[in-house]
Amino acid sequence: MTRLAIVGNPVAHSRSPQIHARFAAATGLAVDYTRIEAPLGSFVATVRAFAESGARGCNVTVPFKGEAFAACTRLSERARRAEAVNTIVFDADGWFGDNTDGAGLVRDIALNAGVALHGKRVLVLGAGGAAAGALDPLLAARPAALVVANRTPAKAQAMIERFAAGAARLDVQLSAAPLEAPGADFDVLVNATAASLQGAVPPLPAGTLRPGALALDMMYGAATLPFLRWARAQGAVARDGLGMLVEQAAEAFFVWMGQRPATFQVLAELRREVDAQVEAAAKASP
């Protein structure tokens, strides 16, 4: 039995145990995946105790991805540039940290949404850990241009400097912009901010998105309703982050177990559950 967990605060809402239980059943592997709520200020001690109990690894969610990055003795290149870790492997050499968020995002866009990123204009909103975790895989898909827009442009500029050399090698135009003036005619928008948690929508000018563009919020569930309505009003195809959640989980499962589970059925089942909850929330809202 391989013991795994997701560590965060809060973490009771996490759907990761259900997702990994389905992956384990599909692959025939014995996995025990649970939730662990780490007290603020005690992340490392909490994870160390779990590791010393014989566990294989853990996922890390808010607000601990930065602490996980600092605590790992070895890092994948995508985690190093993101400066955030969401997947840890415990082994004899210490903690190995990876970041599967961006890979999950790109797989969801390409496989589930059916949008090819190559040659497209991509806009990423936000300059925090979520945005940083997405940049390496987004750049690897070789869009024509990728713009990071943030309320504080200097923060976006500082972040993209870590990725500038890779973007140049891939011949991708990488730049930073203020949120209120990011540019126009984008094919794909990724909302990597936490604005949806406050029911806010991006203050973007008209013409930011091309008709039929894909607008994806990394959040999922009822909190994304304002963003999804806003995106559709812009003539975009609106998508939440549920597919990203499932795909990044599959990437983490591969890192731990060496097998990549199929995601289509898991996502379809989860989509039905979440859509039913969102529909109920929409009916209850004024």
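Against the longest principal axis of the chain, how steep is helix 43-52, in degrees 0 to 90 to the nearest 10, with axes from Cα atoms? Taking Cα atoms only, the helix is inclined about 40 degrees.
Could you let me know the centre-to-centre spacing of the stretch 55-105 and the stretch 9-30, using Cα atoms, in angstrom? Computed from Cα coordinates, the inter-centre distance equals 18 Å. Packing, taken as the mean count of other beta carbons within 10 Å per residue, orders the peptides 269-279, 99-109 from highest to lowest as 99-109, 269-279. Against the main long axis of the alpha-carbon atoms of the chain, helix 16-27 sits at an angle near 70°.
Taking only C-alpha pairs under 8 Å that are 6+ residues apart, what is the relative contact order of the stretch 102-240 in percent? Don't jump to the answer; show the numbers that get you there.
On the way: 282 pairs, mean separation 29.5, N = 139.
So the answer I get is 21 percent.
Rg of the Cα atoms in the stretch 52-105, relative to 2.2 N^0.38 Å, amounts to 1.04. Phe96 sits among other residues whose Cβ lies under 13 Å from its own Cβ, and their net charge, with Lys and Arg +1 and Asp and Glu -1, is 0. For the chain, the orientation-averaged shadow of the C-alpha convex hull comes to 14.6 nm² (one quarter of the hull surface).
Work through the residues other than Ala223 whose Cβ is under 13 Å from its Cβ and net out their charges, Lys, Arg +1 and Asp, Glu -1. Before the final figure, lay out the partial values.
On the way: positive: Arg229; negative: Asp217, Asp240.
For residues surrounding Ala223, the net value is -1.
Across the options Ala192, Gly66, Leu40, the greatest Cα extent toward the positive end of the charge dipole of the chain (unit charges at beta carbon of Lys, Arg, Asp, Glu) belongs to Ala192. Can you tell me which of Leu111, Leu267, Leu179 moves the most in a GNM of the chain? Springs connect C-alpha atoms under 10 Å apart. Greatest mean-square fluctuation among the candidates belongs to Leu111. If both residues of a DSSP beta bridge must be in the chain, then about 20% of such bridges are antiparallel. With the convex hull drawn around the C-alpha atoms of the stretch 31-156, the volume per residue stands at 129 Å³.
For the chain, the longest principal axis of the C-alpha atoms and the axis of helix 264-284 are separated by about 60°. Ordering 137-147, 48-58 by mean Cβ neighbour count within 10 Å, with the highest value first, yields 137-147, 48-58. Compute the distance from the alpha-carbon center of the stretch 120-183 to that of the stretch 234-269, in whole Å. That distance is 23 Å. Once backbone amide H atoms are built at 1.01 Å from N, Leu174 has Leu146 as its partners under 5 Å, excluding neighbours fewer than 5 places away on the same chain. Within 13 Å, Cβ to Cβ, of Leu125, how many net charges do the neighbouring residues add up to if Lys/Arg are +1 and Asp/Glu are -1? Net charge around Leu125: 0.
Taking amide H positions as modeled 1.01 Å from N, with prolines and chain starts lacking one, the residues under 5 Å from Val115 and 5 or more places away or on another chain are Ala110.
For the stretch 221-286, the Kirkwood hydrodynamic radius from C-alpha pairs, put into Stokes-Einstein at 20 °C and a viscosity of 1.002 mPa s, yields a diffusion coefficient of 159 µm² per second. The alpha-carbon atoms of the stretch 113-166 define a convex hull whose volume equals 78 cubic angstrom per residue.
For the stretch 102-240, the Kirkwood radius over C-alpha pairs fed into Stokes-Einstein at 10 °C and 1.306 mPa s yields D = 109 µm² per second. Mean separation of Cα pairs under 8 Å and 6 or more residues apart, divided by the residue count, gives the chain a relative contact order of 15 percent.
Where a number appears in this text, it was derived from the coordinates with a stated rule and is not lab data. Everything numeric here is computed off the predicted structure, so don't read it as measured data. Don't worry about glycine lacking a Cβ; one is built from the backbone with ideal geometry, like all the others, and counts go over all protein chains shown.
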